[in-house]
Amino acid sequence: MGLLFRYFAINAKNQMKDEALIQLLNGPDRKKAFLRLYRYFPVIKKYVLQNSGSKADAEDLFQDSILALYQNSMKSEFKLTSSLETYLFSIAKNLWLNRLRLKAKSNIQNTLIINETENPSIQKETQLTLAERAIQLISEQCNRILEMFYFQKKSMEDIAHALSYSSVNAAKTAKYKCIEKAKTEYNQLLKTENQ
Amino acid sequence: MRPELERIEKILAYLNNEMSLSDQRLFQLDMKSDNALKNEVDQVSTLVDAFKNNIIRKEIQYAQKKYFNFQVLKKIIIALAIAAAFGMTIFLLQKTNDRQETEKSTQAEVTYDIDNETSDPSFSEQNLEVQEFIIDNSKTNVIETKEGIVIAIAPNSFNSSQKEIELKIKEALKPADIIKAGLSTTYQDKLLETSGMFEIRAFDGQSELELVKEIIAEIPLLDEEFDYQLFDGRKDSLGNIVWENPKELEFFIETYDMNTLNFYPPEYEAGLIKLGKTNLSKAQKDSIYFNASCEAQSYYQEINALNESPENIDFYDSLGDFNFRARLIENTANIPVRTDYCDRCVQPSQVRSFWNSRFNNTILATKEFEERMKFLHQTEGGQEVLNCIISYFNDNIEQIDSILYKETAWRILSQVKTRKSGRVRPNVGLNSDLRAYYNEKRRIFENEIQENSKKMVKEYQAGMRNLASQMDKLNSLNSRDNVRLNQYETNKTLDKAYETLGMKRRQNSQKTNYNYFSRVTARIRTTGWKNIDRVVAESIATRESIDFTDKKTKKNFKLEMVPITIDCSEWDAQNSAVYLMPDDQESYLKLQIQNGKVNYKLNELLEYRMIFVGFKDNKYYYQEIENINGSFVRITPTERSWAEIQSKLNKNYKGPLMEENQILAQLKYLTEKYQFDNSQVNLDMQFQQKIRPYIFNCLNLVESP
């Protein structure tokens, strides 16, 4: 029986590798998964360098690829059909080709850029980028509230207690004010972008 | 709060799915008609997404930084290794030249110790401190080095006849020490990422000893993220250390006293607090947990549903709920009671079988297993998986994980910290005696739970049956009184009607038995000629006033049905009752209380006495109003003893035997129901019912409290 288990365990371990990493990614220890994913960085770096990109581009691209992988893996319909390395590489490749395409178009004709910005998915991505910038402008306290709420899944009671608010309502109001502040910053950025 | 903030609150509630379904729909309709609101929702949603992205991006950036730091460290080590090798080559060349020159000049013989001379003194293991330990070779020794390596040495691990031997240990765990010692970090020309190196040597006097038994060393790791291996270092002819024979490292798992570990289902203790059971001792918690069972689950649920929605009960029985409930119990008593609801969750009897000191020092007595149990409790089929684990594994967490992997398709392992391998210290494990003990105890505990549960159900059913039979009696008294009252009211009204209309009442109509229950079907569907008897019967049934003119004689009979409202809203309808006693003093009419009020129409020909009885906190309340005729009465009863109420009722009652008095029967029923509701068996049953979802939660029926 011991031998059987050992055999089974070894066999299972090989199957588990990618799947385990995905599970780790979706769990509370996702930071460890991010670190482990960096083992694939050299391949992607090589690809970017061979395709008219710089080392900084490769680092940016790899971050975005991991982010995309993370977002995809959180979807219920997500299923890994190839090896994780292949999957991550294909994400990176697509992202990079898109970037090259945009860059090329912007070099050729400015009007094309205008057309691109009318494309809803590009528009959404631009909005998200601006929103990310807006979020960076809110206070540290706001970041703490939102992180505890959205990532640590803490109740507003716990948040009020941890951040020393006088009451749950005070913490809630603070949260709404944070969103309001982010909204103002975001609208300001949108306005500047459209000018 | 400002209106803008209120708007954000609403939007967040919508986006976080915190709205009820109906509110959600309304909000969606609002969005359809209000473009500004829709845009605002989109904006807030984008901001929330952006916030989440920002956090994740920060974490990725942190991982990137950590990754690059490792890369840099690798490069430094390579650079220093090259520098050391370069330095060493020059040093060797110089030495050789010197030696040649010396040989040439002096022709004298020089002995040369490679071990001592080939290393660059600035990067030499000689730079490392030697830590010396004197140990007794005949005993078990555990030593700890300055950098925290813990070494466990079994008796006679070294081939020495002497008792006292000397251990010399060098260690280089920090990158600076590794570099200082000039230790290579390559294996077969590949760069090793190292968590450190150490050297163990043993001496008795001058001679070096060999290791004849395995010793165990626990080494602090630089970072648990990476897979480490243990290499043996061998010095080559140049004195460099060559690393070879890589072996997987094992992680030994600490065992704890079973009493300090917690194998309750994760929601159980919070559930107890939620149900008001705070400050329970471990023994009390154990008692509740170990006695929980899946028995009789299905019909408890049905009864519970009935208790929660009395409208279902009314549908079956307008006179009371209890006889229906009791009949339900009778009917379901023979139904197989175990259900899938909790059968496949981890059973308390299983946990009880291993959660004791006999299993100390086994893999079950570890934090790692404690962590896995939490998830087993939440896994459908956890019962079978736990049995499988206890039947087949030995002392290795890896084996447990492979079972969990197979049986739970990753649900569990994804959430616990998996390790390449890890076992409790050798020579403990789980021997067959303990397995047999587990299986035997499990069987005994299961039977015990079933027996306890059956006993409790039996006692509970007996209580319910008693109440049901009393309710049946009450219902029959109620119908008897209703028939009697109906006859009295009909006769009195008919007498008056015939007298007014100048008619002679037929003998047989006096004997007519107007059944109280037939009234709901007595509807007037035709106009035209009607028999006066029928008009009266209809009026009594529908409580409508009569205005009847005989077509032949043109004589008119009028009867007023006077509306009355009795307000008893301060009383629970389940524990109070309002009765009317007509002037014949032979029967009572129990009135229906609806929404804290009684609405009835009094026959102007009769005089009524109103009686209210209530039961609250094991005390009786009574109020009596003679000759009631007002249109609105508010109930203001006073507390009375049973004897006082009995004597008051006795004074005015001329009906059948006093013990067949409907009001007394009602009070007796309420008293016994109160006693049953507060009986230990009922309280236990109710509590078990409530705590059960927290214990058998492998289908995720309750959210974490």
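In the range B:26-44, which residues have a backbone nitrogen under 18 Å from the label point lying 7 Å from A:GLU193's Cα in the Cα-to-Cβ direction?
B:39-44
Rounded to the nearest 10 Å², what accessible area does B:ARG543 have for a 1.4 Å probe in the complete protein model?
20
Need one value: the accessible area of A:LYS124 in square angstrom, 1.4 angstrom probe, rounded to the nearest 10.
90
So, R0 is 35 Å and r is the distance between the beta-carbons of A:GLU77 and A:LEU163; what FRET efficiency does that work out to, to 0.05?
0.45
Want the number for B:GLN574 to B:GLN680: 0.36 nm per residue separation, take away the alpha-carbon distance, what's left?
Working: separation 106, 0.36 × 106 = 38.16 nm, distance 2.14 nm.
This chain segment gains 36.0 nm when fully extended.
Just to confirm a number: summing +1 for Lys and Arg and -1 for Asp and Glu over residues other than B:LYS168 whose beta-carbon lies under 9 angstrom from that of B:LYS168, what do you get?
Working: positive: B:LYS170, B:ARG201; negative: B:GLU132, B:GLU166, B:GLU199.
Value of the local net charge: -1.
Excluding B:PHE203 itself, what net charge comes from residues whose Cβ is under 15 Å from its Cβ, given Lys and Arg +1 and Asp and Glu -1? It would help to have the intermediate numbers written out before the result.
Working: positive: B:LYS163, B:LYS168, B:LYS170, B:ARG201; negative: B:GLU132, B:ASP136, B:GLU164, B:GLU166, B:GLU199, B:ASP204, B:GLU208, B:GLU210.
Once all neighbours under 15 Å are counted, the net charge is -4.
Show me you know the interface measure: the accessible area buried between A and B, both chains summed, probe 1.4 Å, in Å² to the nearest 100. Mind showing how you got there, number by number?
Working: alone 13910 and 40450 Å², together 49260 Å².
Buried area between the two chains comes out at roughly 5100 Å².
The values are calculated or read from the model by the stated rules, or taken from the named source; none is laboratory data. For clarity, every value in this text was computed on a predicted model and none was experimentally measured. Reconstructed Cβ throughout: ideal geometry from the backbone, glycine too, with neighbour counts over all protein chains shown. Heavy atoms of the whole protein, side chains included, go into the accessibility calculation; ligands, DNA and RNA do not. Shrake-Rupley method; radii C 1.70, N 1.55, O 1.52, S 1.80 Å.
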